[in-house]
Amino acid sequence: MPLDAITLRALTEELRPQLLNLRIDKVQQPARDQVILLLRGNKRLLLNAGANAPRLQLTELLRDNPAEPPMFCMLLRKHLVGARVADITQPGLERLVRIELDVTDDFGQPGHRTLVLEAMGRRSNLILLDGEGRIIDCMRRVDVEMSAQRQVLPGLFYEQPASTGRLPLLEETEAGFDEHLADVPQETQLDRFLLDTYFGISPLMARELAFRVCGETDGRVCQLDEAGRVYFKNVFFSFISTIKENNFTATLLKRNGELFDFAALPIHQYGAAVESETFGSFSELLDHFYEAKEKQERVRQRGADLIRTATNARDRGRRKLAIQEKDYAATQERDALRLKGDLITANLYRMERGQSRLVCENYYDEQQAEITIPLDPLLTPQQNAAKYYKRYTKAKTAEKYLREQMALARRDLAYLESVLQEIEQAETEQDFTDIRNELKDAGFIRKQGKKLPQRPSKPREFRTTDGLRVLVGRNNRQNDKLTLKDADYRDLWFHVQKLHGSHVILCTGGREPTDRDVTEAAILAAFYSQAQGGANVPVDCTQVKNVKKPAGGRPGMVIYTTYRTVNVTPDAEAVKAMQLGK
């Protein structure tokens, strides 16, 4: 759900005492819509101006940064590194937060900057203002062609988004509430009355208030008698008091075990269909809620072209293989072509030019049954015999060629399936860059221009409960390097059985790992594979010295011997517990 104004207020009140007077040490922009301010005390303030998840929060999730920082990030570094947080405010119940910053310019003179986060869905923005309220720059520039009413451009004075004309929720009085309720049509639903009358309340909260009053979310004004109207008013102003007193509860909603929604207050309208979980802080809740969603969004945005390329190549390969298999099946009937050539040759004495067929006894058949052989009337009998022999020789040659080509096609199909699995589990910008370069080297993406130097990515790193290091490859080329170059020959190698997945290395240091070490490494191998959503997944385990690269194998393809199989169930919580730094 988009962050509503009440949850934004809860976040602002939670963050203010934690961030006041802290110094900004670094500014990062890991994604187009995200900026992270690294503050003293190892605090990471995330400002997200994306259309799907605008928010600000303290985050524990580590995000990779691009090799070259974007221009907006460079500008923020110039103005904000060294600044101190003076205040964090939310004007009214606007979906807008102002971070006031005290800065010192290049000449040592004190100054002021303001960072404004507008968390308004597709119109979200992050704007940097100078001491006079003039826009220095913003994440998304809005010119007159995009909006005739409000432009957001460098050099202009900043103006807040225009008011909707509705009454701010926290400014309502009891007399005003009675008057508004009396004026509304009686068939109006209570949640619609609240949304149309007041500014700052979300549809979720409006439905929750209606449920508390009527026991259902679609209750109408006409259902309320005099006592019901009084009760509605009491519930409404109790809700307002909760907001004014900042008495919030970070509430996560789950439906069928899946993350569904979140709110700043307990939600009861869904009954037993939805379970609630409370968190100690809103920042912790948002990390938990958006971690998986951000990964899916990264794959959707950055991996879309890679998925399309790999999928198209795979589909072409499947069609090509189907044609090759059909041609190969035809070559298996080549002995019939030689037979017809032999029979024509044996019957040359009674054939004439211009015949369209030859009917003769098949002396290769025990019963010597008659056989009809089609002929080309434009050719002599000798030429017809030569034609059948030529077709036989061609089919014999084609059999060997097609067998080789089908093996290559099957190899490429398996490789492309593994690439698609890599894309689904890619986590960082570098992961997508590595996969793109891998596809270029494999010939599935055309190389253009000079090859830019790339910083090598590192494998995922974990530690078992008993303290052993576990490395997990991020892509096929890294799998090869990890298994065939970096790993010690005594380390243990893991891979999901008969499916595509990452190579996993349990670094034993020459000592015997415990059964728990082996099980946890196998869980990682199952989790980072096509069997991630499965149960009782077979994972093969062997020493690295038993793993070899086949001649001509695509990246990531290996053969192995002397292995044992461990059956495990992939567990996201177990994987998170093994992550370093968690």
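Could you tell me what fraction of 2.2 N^0.38 Å the Cα radius of gyration of segment 69-220 comes to, as a two-decimal ratio?
That works out to 1.38 for segment 69-220.
Rg and Dmax of segment 32-159, using alpha carbons, in Å: what are they?
14.5, 44
Determine the distance separating the Cα centre of segment 7-55 from the Cα centre of segment 468-534; give it in Å without decimals.
Segment 7-55 and segment 468-534 have Cα centres spaced 36 Å from each other.
If you count only protein heavy atoms and use a 1.4 Å probe, how large is the accessible surface of residue 72, to the nearest 10 Å²?
20 Å²
Sorted by packing (mean other beta-carbon atoms within 10 Å per residue), highest first, where do 11-20, 178-187 land? Before the final figure, lay out the partial values.
Numbers: 11-20: 17.2, 178-187: 11.7.
The most tightly packed comes first, giving 11-20, 178-187.
If you average the sequence gap of Cα pairs under 8 Å that are 6 or more apart and divide by the length of segment 350-396, what percent do you get for the contact order? Spell out each step's value before the answer.
Working: 48 pairs, mean separation 16.7, N = 47.
Computed over segment 350-396, the figure is 36 percent.
Can you give me the solvent accessible area of residue 79 with a 1.4 Å probe, rounded to the nearest 10 Å²?
40 Å²
Which values, in whole Å and largest first, are the semi-axes of the equivalent ellipsoid of the chain obtained as the square root of 5 times each eigenvalue of the Cα gyration tensor?
Taking √(5λ) for each eigenvalue gives 66, 32, 27 Å, largest first.
Give me the mean projected area, in nm² to one decimal, of the convex hull enclosing the Cα positions of segment 363-503.
Average of the hull's projected areas for segment 363-503 equals 18.4 nm².
Once the whole set of protein chains is in place, how much accessible area is left on residue 95, using a 1.4 Å probe, in Å² to the nearest 10?
80 Å²
If Rh is defined by the Kirkwood formula over all Cα pairs and Rg also comes from Cα, what ratio Rg/Rh do you get for segment 424-582? Could you put the intermediate results ahead of the total?
On the way: Rg = 15.7 Å, Rh = 16.1 Å.
My calculation puts Rg/Rh at 0.97.
Using the alpha-carbon centroid of each, what span in Å lies between segment 67-145 and segment 259-284?
First find each Cα centre; the distance between them is then 32 Å.
Ignoring any ligand, DNA or RNA, what whole percent of the accessible area of the chain comes from carbon and sulfur when the probe is 1.4 angstrom?
49 percent
Suppose R0 equals 51 Å. What FRET efficiency, 1/(1 + (r/R0)^6) with r the Cβ-Cβ distance, do residue 557 and residue 74 give to the nearest 0.05? Please list the in-between numbers first.
Working: r = 42 Å, r/R0 = 0.83.
Between residue 557 and residue 74 the formula returns 0.75.
For segment 180-268, calculate the relative contact order in percent as a whole number, restricting contacts to Cα pairs under 8 Å that are 6 or more residues apart. List each step's numbers first, then the result.
Details: 87 pairs, mean separation 18.7, N = 89.
Over segment 180-268, the number comes to 21 percent.
What is the chain's relative contact order, in percent, from Cα pairs under 8 angstrom and six or more apart in sequence?
8 percent
For the modelled label position 7 Å from the Cα of residue 424 along Cα-to-Cβ, which residues of segment 493-507 have backbone nitrogen atoms closer than 13 Å?
499-502
What net charge do the residues around residue 123 carry, taking every other residue with its C-beta under 10 Å from that of residue 123, with Lys and Arg at +1 and Asp and Glu at -1? Walk me through the numbers before you get to the answer.
On the way: positive: 95, 122, 140, 150; negative: 118.
Local charge sum for residue 123: +3.
For a 23 Å ceiling on Cα separation, which of these pairs sit above it: 458/576; 295/485; 545/576; 293/447; 320/400?
295/485; 545/576; 293/447
Give me the net charge for the shell around residue 246: Cβ to Cβ below 15 angstrom, other residues only, Lys and Arg +1, Asp and Glu -1.
0
Using just the helices of the chain, give the 222 nm mean residue ellipticity in deg cm²/dmol: DSSP H runs with n ≥ 4 each add -39,500 (n - 2.57), and the total is spread over all residues, rounded to 500.
Values: 14 runs with 219 residues, N = 582.
Here the helix-only value at 222 nm equals -12500 deg cm²/dmol.
Between residue 295 and residue 350, with labels modelled 7 Å along Cα→Cβ, what's the label distance in nm to one decimal, could you check?
7.8 nm
Just in segment 295-356: which GluC sites (Glu not before Pro) are loop by DSSP and have at most 14 other Cβ atoms within 10 Å?
For GluC sites (Glu not before Pro) across segment 295-356 that sit outside H, G, I, E and B with at most 14 neighbouring Cβ atoms in 10 Å, the list reads 333, 352.
At 0.36 nm per residue, and after removing the present C-alpha to C-alpha distance, how many nm does the segment from residue 580 to residue 376 gain when stretched out fully?
65.8 nm
Using just the Cα positions, wrap segment 324-445 in a convex hull and report its mean projected area in square nanometres, one decimal place. List each step's numbers first, then the result.
Values: hull surface 44.9 nm².
The directionally averaged projection comes out at 11.2 nm².
Would you mind getting the Kirkwood hydrodynamic radius of segment 115-185 from its Cα pairs, rounded to one decimal in Å?
14.6 Å
Taking every alpha carbon pair in segment 468-532, what does the distance histogram look like in 10 angstrom bins from 0, in percent?
Pair shares across the bins are 25, 55, 20, 0.
What do you get for the angle between helix 203-214 and the principal long axis of the chain? Use alpha-carbon atoms, 0 to 90 degrees, nearest ten.
Around 60 degrees separate the two axes.
How much accessible area per residue does segment 11-100 have, in Å², with a 1.4 Å probe?
Per-residue accessible area for segment 11-100 comes out at 43 Å².
If one computes the Cα centroid of segment 535-579 and of segment 298-376, what distance in Å separates the two points?
41 Å
Using a 7 Å offset from Cα along Cα-Cβ at residue 406, what residues in segment 311-352 end up with backbone N under 18 Å from the label point?
317-336
Note down the net charge around residue 374, summing +1 for each Lys or Arg and -1 for each Asp or Glu among other residues with Cβ under 14 Å from its Cβ.
+3
For a distance above 13 Å, tell me the whole-number percent of Cα pairs in segment 8-60 that qualify.
59 percent
May I ask you to list the residues of segment 243-274 whose amide nitrogen lies under 16 Å from a point 7 Å from Cα along the Cα→beta-carbon direction of residue 89?
It comes to no residues whatsoever.
Using alpha carbons only, how many degrees (0 to 90, rounded to 10) separate the axis of helix 381-424 from the longest principal axis of the chain?
Relative to the chain, helix 381-424 is tipped by roughly 20 degrees.
Under the rule a/c < 1.5 gives rounded, and otherwise a/b versus b/c splits prolate from oblate, where does segment 529-572 land using the Cα gyration tensor?
oblate
Please compute the modelled spin-label separation between residue 284 and residue 333, points set 7 Å along Cα→Cβ, answer in nm with one decimal.
7.2 nm
Considering every pair of different Cα atoms, what Kirkwood radius, in Å, is found for segment 364-407? Before the final figure, lay out each step's value.
Numbers: mean 1/r = 0.0771 Å⁻¹.
Kirkwood radius, segment 364-407: 13.0 Å.
The values are calculated or read from the model by the stated rules, or taken from the named source; none is laboratory data. Everything quoted here is computed from the prediction, not taken from an experiment. Note that each Cβ is placed from the backbone with ideal geometry, even for glycine, and that neighbours are counted across all protein chains shown. Heads up: the accessible areas ignore ligands, DNA and RNA and are worked out on the full protein's heavy atoms, side chains in. Shrake-Rupley method; radii C 1.70, N 1.55, O 1.52, S 1.80 Å.
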